[in-house]
Amino acid sequence: MIGFELFDDAAGKFRWRLKAGNGEIIAQSQAYESKESAKKGISSVQTNAAGATLVDLTAK
């Protein structure tokens with residue numbers, strides 16, 4: 001099951017990571033000062049990622 005994990009980092013800030021069904025980390029957030037801000041970040045990804053476009057910046 002794909003899911004978000006909310007956790008405290010070593011500096012005492014809040015971060016989230018998105019994990020695939022096999023446990024692999026797909027994405028990880030920046031550090032947030034508050035748990036509420038981290039939860040808002042998760043909500044933003046849930047809302048906006050489905051409509052995201054791909055910008056290919058590779059040379060080949």
**Report entry** Accessible surface of the chain, 1.4 Å probe, proportion on carbon and sulfur as whole %
**Finding:** 53 percent
Query raised in the report: How far is it, in nm, from the label point at residue 59 to the one at residue 7 when both lie 7 Å from their Cα along the line to the Cβ?
Result: 3.5 nm
Requested in this report: Compute the acute angle (0 to 90°) between the alpha-carbon long axis of helix 35-48 and the principal axis of greatest extent of the alpha-carbon atoms of the chain; round to the nearest 10°.
Outcome: 20 degrees
Query raised in the report: Among 21, 12, 41, which one shows the biggest mean-square fluctuation in a GNM of the chain, springs joining Cα atoms closer than 10 Å?
Result: 21
Report task. Take every Cα pair under 8 Å in the chain that's 6+ residues apart, average their separations, divide by the length, and report that relative contact order as a whole percent. Result -> 24 percent
**Report entry** Residues of segment 1-45 with amide N under 15 Å of a point placed 7 Å along Cα→Cβ from residue 52
**Finding:** 3-5, 16-20, 25-30, 41-45
Requested in this report: Just reorder 35, 19, 60 by solvent-accessible area, largest first, 1.4 Å probe, all chains present.
Outcome: 60, 35, 19
Query - Residue-normalised accessible area of the chain, given per residue in Å² at a 1.4 Å probe - result: 78 Å²
Report task. State whether the chain is rounded, prolate or oblate according to the following rule on the C-alpha gyration tensor (a ≥ b ≥ c being the square roots of its eigenvalues): a/c under 1.5 gives rounded; otherwise a/b larger than b/c gives prolate, and the remaining case gives oblate. Result -> prolate
Query raised in the report: Which loop GluC sites (Glu not before Pro) in segment 6-48, with loop taken from DSSP, have no more than 16 other Cβ atoms within 10 angstrom of their Cβ?
Result: 24, 33
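The values are calculated or read from the model by the stated rules, or taken from the named source; none is laboratory data. Keep in mind it's a predicted model, so treat the numbers as computed, not measured. Quick reminder, even Gly has a Cβ in these numbers, built from the backbone with ideal geometry, and neighbours come from all protein chains shown. Remember, those area values only see protein heavy atoms, side chains included, never the ligands or the DNA or RNA. Shrake-Rupley method; radii C 1.70, N 1.55, O 1.52, S 1.80 Å.
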